[in-house]
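Asker: Below is the structure I would like to discuss, written out as structure tokens.
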Amino acid sequence: MNKPRRMDKRDLRDLISAERIEERIRDLGKNITNDYAGCPELVVICVLNGAFMFTADLVRHIDLPCRIEFLRASSYGNRQTSSGKVTITHDIDIGKRHVLLVEDIVDTGLTISGIIAELRNLDPLSLRVCTLLDKPSQRRVMVSPDYTGFTIPAYFVVGYGLDIAGKFRELPYIGVYRP
Ligand code: IMP
């Protein structure tokens, strides 16, 4: 009997090139820099794991003093649909600071709204969301990011930090996973 083959790049269809991502991040960085002009310290919170690459590139285009923090949120496991249960772990002090949450993708909205609810309890001066990707057609809770890189259809995408079962995070572009 043939063994099932491992996932690889043949299972992907290109969606957003590395060049388009770079260009868009440059614009996002400019907009954020303008919107927070004069802010003495912007607390940028990277939502792990998926937003690690986006955050690293984005902060290089934000021309403001930043404090970069990390928060872990998980709701998917190895599946392609949200479990609806969001687990959040962090150790961040954001009292009376402007906070920018950086997400890889907003899908049902459950993860980001769970994080927002948790961080609001910490009394930030302001709290905004910057997401690389948005899939608004999948929303189960009302949430609209303040900054969005790309709005996409209800595809399952990987690359540029996003994964399926831990694979494809390292790719510099975004592809649709189609086994
Ligand atoms: P939500 O809670 O349904 O909005 O899902 C948000 C989280 O699910 C993201 O931070 C991702 O980790 C994951 N996710 C949602 N859609 C995708 C996708 O298309 N590819 C990879 N991960 C996804």
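Asker: Hey, can you tell me all the residues within segment 33-52 that are of a type outside the set (Gly, Ala, Ser), crowded, with 21+ Cβ neighbours inside 10 Å and either out of contact with any helix residue (DSSP H, G or I) (no Cβ under 8 Å at 6 or more places or on another chain) or free of Cβ contacts under 8 Å to residues at least 60 places away in the same chain (or both)?
Answerer: Within segment 33-52, 42, 43, 44, 46 meet the criteria.
Asker: Please go through segment 159-179 and pick out each residue that is within 10 Å of the ligand (Cβ to nearest atom) and closer than 13 Å to residue 54 by Cα.
Answerer: Passing the criteria: 159, 161, 162, 169, 174.
Asker: Out of curiosity, is residue 32 within 16 Å of the chain's Cα centre (by Cα), at pLDDT 95 or above and within 16 Å of residue 133 (Cα to Cα)? If you could, list the steps in order and put the result at the bottom.
Answerer: Values: within 16 Å of the chain's Cα centre (by Cα): yes; at pLDDT 95 or above: yes; within 16 Å of residue 133 (Cα to Cα): no.
So residue 32 does not fit the description; no.
Asker: Here's a follow-up. Mind checking which residues of segment 123-143 are within 12 Å of the ligand (Cβ to nearest atom) and within 13 Å of the chain's Cα centre (by Cα)?
Answerer: Hits for segment 123-143 are 129, 131, 132, 133, 134, 135.
Asker: Further question on the same structure: Can you tell me which residue is modelled with the lowest pLDDT among those in segment 77-102 that are under 30 Å from residue 23 (Cβ atoms) and crowded, with 17+ Cβ neighbours inside 10 Å?
Answerer: Looking at the filtered set, the residue picked out is 82.
Asker: If residue 155 passes every condition in (1) more than 12 Å from the ligand (Cβ to nearest atom); (2) assigned to a loop (DSSP other than H, G, I, E, B) but one, which one does it miss?
Answerer: (1) is the only condition that residue 155 fails.
The values are calculated or read from the model by the stated rules, or taken from the named source; none is laboratory data. These numbers come from a predicted model, not from an experiment. Note: ideal-geometry Cβ built from the backbone for every residue, glycine included; neighbour counts use all protein chains shown.
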